[in-house]
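Inspection log for the structure reproduced underneath, given as C-alpha cells.
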Amino acid sequence: MKKCLERLYNGLLKENPVLVLMLGMCPALAVSTRALNGIGMGLSTLAVLVLSNLVISCLRKVIPDQVRLPAYIVIVASLVTVTELLIKAYLPSLYDALGLYIPLIVVNCIILGRAEAYANKHTPLLSVMDGIGMGLGFTVALTLAGALRELLGNGTIFGAQVMPASYEPMTIFIQPPGAFMIFALIIAIMNAIGIKTRQRQLVENGCDGNCALCATACEKKNPAEKKEGGAEK
Amino acid sequence: MNNSLIMIIVASALINNVVLNQFLGICSFLGVSKQMKASASLGVAVIFVITIASAVASLMYDFVLKPLGMDFMKTIIFILVIAALVQIVEMFLKKKSPAVYEALGIYLPLITTNCAVLGVALTNVQNGYNFIECVLSGFGTAVGYTIAIVLLAGIRSRMNEKDIPAPLRGAPIVMIAAALMSIAFMGFGGLSF
C-alpha cells in the first residue's frame, strides 16, 4: 500500500512528467488554452496511460524483448483509437476543442516512456498506480497552465468571470506564444523553489558532492559546466 | 505549378509553423537545438522522412483505408507505416550512402516518435488533400521545422555566453526564446497570395 501511495506522489510532484521530466510537452503547450481543455486532455491521457501500463505489465513476460517497441506502439495506438471514438461519441465539444491532439496521444512520450521505464518491469497493480500518478501529474500541470492562460488571456477560469470587468485581457496568452511563456515561468518558479530547498539542505548537511542535482552557484563546479551545452562539448 | 500549391508550401512552412504555431515536435525542438550542427542534420533528416511519410500515408489512405471503409484505423496504420518507413530509410541509407547515414546518426530513428510526422499525415487526411498536395504540405511543414530549429540553435549558442539567472537556466530560458520566435512568426499570418 505504501508503495502505491509513493507512486502517486512520485507522478504528481517528484517526477511530474511535464514540469520536471519535460515529457509530453507538445499536447501540454497546445491544448492548455483553457482550464477545461487541460482537464479533458489530461484525463484522456490518464485513461490511455493507465490502460496501456496495465496491458503492457500483464504482457511483460509474453512480449519478446526484440519487438517490444512495435508491440507497445500497437497496444497504445489501439487504446488511443478506442478513447478517440468514445470522446467523439459522448463529448463532441471536447473532441472539437482537442482535435488533432487526441490521435497524437499515441506519440506522447510519457506513455511509451512509462511503458519502457516502469510497466515492463513491475506488477500490474503497481503499474496501474504509476499510470494514475503520472496521469494525474500531467492533468494537474495542464489544468494549472490552462487556468493561468485563461485567466490572463480571457479574464476567466473554467469559463467563469474572475477578473473585474475593467481588466483588459492579454490575448497573447491564449495564442501560441503565451503557451511557451507560461510554461517557462511555471518551470522557472519550480526551479527557484528547488534551488532554495537545495541551499537549505546544503547549509544543514553540507555538500554531498552531487553536482548533477545541484543548481546552485558553487566554486566546486566547473564554471563551464554551469552553462548549458558546455557539458556536451 | 499554380498559386494554391505554392500557398500550401508557404502556409505549412511559415504561417502555420509546425513547431511555433502547432506545437508538434517540441521534444526534439527543445532537446536537440543545443548545437547548430546537430540541429541542421536533424532538420535534413526530418525533411526527408516527413516528405516520404506524407506521400506513403496519402497513398495508404486513398488506396487501402478509404476503399475498405476503415477510416477509424488511420492512427494505428499511419504510426506503423511511419515506424516501418524510418527503419527502411535507415537501412537504405546505411547501404547506399554511408556518408549521409553517418551525418544523420541517431536522429533518424528518433524521428519515429516525433509527433510532427504523424501530425502532418493526419492533418493532410483531415484537409482532404490529394497526393501532390500531401507531398507538398509535408515538405513545407518539414522546411518550417528546420527553419525553426536552426534559428533556435543560433539563439541558444548566443545564450550560452550570457549570465542567465539560475532559476531560468536550461528549459525556461529556451522556452522564453521560443515564445519570442513564435510572436515573430505570428507576423506571417498576414501573408497571402
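FYI, it's all coordinate maths here, none of it is from the lab. Please read all numbers here as calculations on a predicted model, not as lab measurements. As a convention, Cβ positions derive from the backbone with ideal geometry for all residues, glycine included, and neighbour counts pool all protein chains shown.
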Fill in the blank from the handout: With the range A:71-110 reduced to its Cα atoms and the Debye formula applied, log10 I(q)/I(0) at q = 0.14, 0.33 1/Å amounts to -0.29, -1.09
Handout entry: Crossing angle, helix B:131-159 versus chain B [Cα axis fit, 0-90 degrees, rounded to tens]
Key = 10
Handout entry: Proportion of all alpha-carbon pairs of the range B:7-190 beyond 22 Å (%)
Key = 48
Completion exercise
In vacuo Debye sum over C-alpha of chain A, base-10 log of normalised intensity I(q)/I(0) at q = 0.13, 0.16 Å⁻¹, listed in q order, is -0.90, -1.15
Completion exercise
Counting other chain Cβ atoms within 10 Å of each Cβ in B:71-82 and taking the mean gives 4
Practice task
Please identify the helices of chain A, taking whole runs of DSSP H, that span at least 20 Å along their own axis as judged from the Cα atoms and have a mean Kyte-Doolittle score of 1.0 or higher.
Solution key: A:35-58, A:68-90, A:124-154
Problem - Total lysine pairs under 18 Å (Cα atoms) in chain A, excluding pairs fewer than 8 apart on one chain - result: 8
Practice task
Could you work out the relative contact order of the range B:69-193, using alpha carbon pairs under 8 angstrom and six or more residues apart, expressed as a whole percent?
Solution key: 19
Problem - Extension gain from B:F72 to B:L5, taking 0.36 nm per residue of separation minus the Cα-Cα distance - result: 21.3 nm
Exercise for the section: Report the normalised scattering of the protein assembly as shown as log10 I(q)/I(0) at q = 0.12, 0.14, 0.15 Å⁻¹, calculated by the Debye formula with identical scatterers on the alpha carbons. Expected result: -1.08, -1.48, -1.66
Handout entry: Extension reserve of the A:V67-A:I193 stretch, reckoned as 0.36 nm per residue once the Cα distance is removed
Key = 41.2 nm
Problem - A:E150, B:E90 arranged by Cβ crowding within 10 Å, fewest neighbours leading - result: B:E90, A:E150
Handout entry: Cβ neighbours within 10 Å from other chains - mean over A:13-22
Key = 1
Fill in the blank from the handout: Computed over chain A, the relative contact order (Cα-Cα under 8 Å, seq sep at least six) in percent reads 30
Exercise for the section: Please determine, in degrees from 0 to 90 and to the nearest 10, the orientation of helix B:115-126 with respect to the longest principal axis defined by the Cα atoms of chain B, where the helix direction is its Cα long axis. Expected result: 40
Fill in the blank from the handout: Among A:P64, B:I26, B:V120, the residue whose Cα sits farthest towards the positive end of the charge dipole of the protein assembly as shown (+1 at Cβ of Lys and Arg, -1 at Cβ of Asp and Glu, taken about the Cα centre) is A:P64
Exercise for the section: Take peptides A:6-14, A:106-114 and line them up by average Cβ neighbours within 10 Å, highest first, as a rough protection proxy. Expected result: A:106-114, A:6-14
Exercise for the section: Specify which residue in the list A:A141, A:P17, A:M129 is farthest towards the positive end of the charge dipole of the range A:2-174, using unit charges on the beta carbon of Lys, Arg (+1) and Asp, Glu (-1), about the Cα centre. Expected result: A:M129
Exercise for the section: Could you rank the peptides B:14-20, A:198-204 by their average count of other C-beta atoms within 10 Å per residue, with the highest value first? Expected result: B:14-20, A:198-204
Fill in the blank from the handout: Within 10 Å of the Cβ of an average residue in B:161-173, the count of other chain Cβ atoms is 6
Handout entry: Computed FRET value (nearest 0.05) for A:K3 with B:F63, which takes r as the C-beta separation and R₀ as 45 Å
Key = 0.35
Handout entry: Kirkwood Rh in Å, taken over all unlike Cα pairs in the range A:1-136
Key = 15.0
Completion exercise
Taking Cα atoms only, helix B:171-186 is inclined relative to the longest principal axis of chain B by an angle, in degrees rounded to 10, of 60
